[in-house]
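Enquirer: First the structure, which I've put down as structure tokens, then a few questions once you've had a look.
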Amino acid sequence: MTEDALDHDDDDPVLEAIRSSFRSTDAAATANHPFFELFREGPNIATICGLSDFLFEVSRSSPRDIDIVLLVARHADADESLPTVYWSPERPAATFGEVFYVDFGDKVQAYLEEGPLDRQTFLATSLLSGRSKGLHVLSSPSSVAAITDGLKLSNYFEWNDDIASTGVAGACLQLLGGYRDLPDPPEKVLEALRRSSVSREDEPLLKVPSIRLH
């Protein structure tokens, strides 16, 4: 991964351990990724939820690296050899995937439903949502809603000016990222894209895949 994705300094030991596991690795090493060793040494809820937090961190600071993290999450879901974790009395032996997809899905839904007022978080989540769908990691109803709202295919929100621009940019990032399952016919989506516009601030996001979202 690039240094941009890992160059963070905070006091969260879980996130720092996860960052360390991604240093000096690449997508080719997914099946034997050091993250799995980290999780096996101390299987717990915090590490699973920390991986979803790391995804949002990477999506903001180094978007081109999010596929690496998403592929690790997808492999973890399929790896039956990973230990289970205690989640609740009803789920005393939850799998990695069970916990991850609830936590990650809830965060994606919450950030998208908050809308584009928080520009940085909304755009980072939009790209992450599109790539999650494109890589068959996660599909959220809120993702479709954010696209239709951003392209004004619904009458739910009436965003104006910069907020409307960010809504359009978020929808485009989801579509560019790989989101395809839309409730509207493709020609209707294309027409909405043709009549949409973005601000000068948002326009570079749709041209430079490595743009930093902060």
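Enquirer: Can you name the residue in the stretch 113-143 that is within 14 Å of the chain's Cα centre (by Cα) and aliphatic (A, V, I, L, M) and, of all such residues, is nearest to residue 174 (Cα to Cα)?
Expert: 127
Enquirer: Sticking with this one: Show me the helices (runs of 4 or more DSSP H) found entirely inside the stretch 1-68 where at least 1 residues are closer than 22 Å to residue 97 by Cβ and either of a type in the set (S, T, N, Q) or at pLDDT below 90 (or both).
Expert: 13-22, 45-61
Enquirer: Does residue 95 satisfy the criteria of being within 12 Å of the chain's Cα centre (by Cα) and touching a residue at least 12 places away in the same chain (Cβ under 8 Å)?
Expert: Here the answer is no, as residue 95 does not meet what is asked.
Enquirer: Looking at the stretch 109-121, can you tell me whether even one residue there is polar (S, T, N, Q), in contact with an Asp or Glu (Cβ under 8 Å, 6 or more places away or on another chain) and either within 19 Å of residue 167 (Cβ to Cβ) or at pLDDT 90 or above (or both)?
Expert: The answer is yes, given that some residue of the stretch 109-121 is polar (S, T, N, Q), in contact with an Asp or Glu (Cβ under 8 Å, 6 or more places away or on another chain) and either within 19 Å of residue 167 (Cβ to Cβ) or at pLDDT 90 or above (or both).
Enquirer: Have a look at 126, 139, 132, 143 and point out the one that is modelled with pLDDT under 85 and crowded, with 24+ Cβ neighbours inside 10 Å.
Expert: Details: 126 fails: modelled with pLDDT under 85; 139 fails: crowded, with 24+ Cβ neighbours inside 10 Å; 132 fails: modelled with pLDDT under 85.
On inspection, the qualifying residue turns out to be 143.
Enquirer: Next up: Residues of the stretch 103-135 being of a type in the set (Gly, Ala, Ser) and touching a residue at least 40 places away in the same chain (Cβ under 8 Å), which ones?
Expert: Result: 115, 124, 126, 129, 130, 132, 134.
Enquirer: Collect the residues in the stretch 47-80 that are free of Cβ contacts under 8 Å to residues at least 40 places away in the same chain and either small (Gly, Ala, Ser) or surrounded by 19 or more Cβ atoms within 10 Å (Cβ to Cβ) (or both), keeping them in residue-number order.
Expert: 47, 50, 54, 78
Enquirer: Now for a separate question. Working carefully through the options 100, 35, find the one that is out of contact with any strand residue (DSSP E or B) (no Cβ under 7 Å at 6 or more places or on another chain) and over 28 Å from residue 171 (Cβ atoms).
Expert: Numbers: 100 fails: over 28 Å from residue 171 (Cβ atoms).
Going through 100, 35 in turn, just one is out of contact with any strand residue (DSSP E or B) (no Cβ under 7 Å at 6 or more places or on another chain) and over 28 Å from residue 171 (Cβ atoms): 35.
The values are calculated or read from the model by the stated rules, or taken from the named source; none is laboratory data. Fair warning: this is a prediction, and the values are worked out from it, not measured in the lab. Note that we place each Cβ from the backbone using ideal geometry, even for glycine, and neighbour counts take in every protein chain shown.
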